[in-house]
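Everything on this sheet refers to the single structure shown next.
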Amino acid sequence: MSNNLILKDKSTVAIFADYPDIVGIEQLMSMLHIGKVLAYKLIRSKHIYSKKIGREYKIQKSAVINYLNDMEVLN
C-alpha cells in the first residue's frame, strides 16, 4: 500500500500544520473530530494506514490527509 502524500488541496495540509508527522490514536481523534471507536475502526479496516508498535498505533500525518482526499473523491 502506497502512503505517498497526495496534495490535492493545500488547505488540508495547512489545517494539520500543528500536528507532528507521526500521530497516535488520541491525536487522530483530535484531527478528525471523531471518537475512539471510529478511530480504531478506521485503523483496523485499513482506511487509514498505520503501524502497530508495541501496544500503540503510529499513523503518518500523510495517511490522514490521504484518507480525507480519498473521501473528497467519493463525494
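Bear in mind these aren't lab numbers, they're just calculated from the coordinates by the rules spelled out. Everything numeric in this text was worked out from a predicted model, so none of it was measured.
Quick notes
- Largest-first ellipsoid semi-axes for the range 10-74, taking √(5λ) over the Cα gyration tensor eigenvalues, angstrom: 18, 14, 11
- Residues whose amide H lies under 5 Å from that of I22, counting only those 5 or more places away or on a different chain, are K61; hydrogens are built 1.01 Å from N in the peptide plane.
- With a Cα cut-off of under 21 Å and a minimum spacing of 8 residues unless on different chains, the lysine pairs in the range 10-74 number 14.
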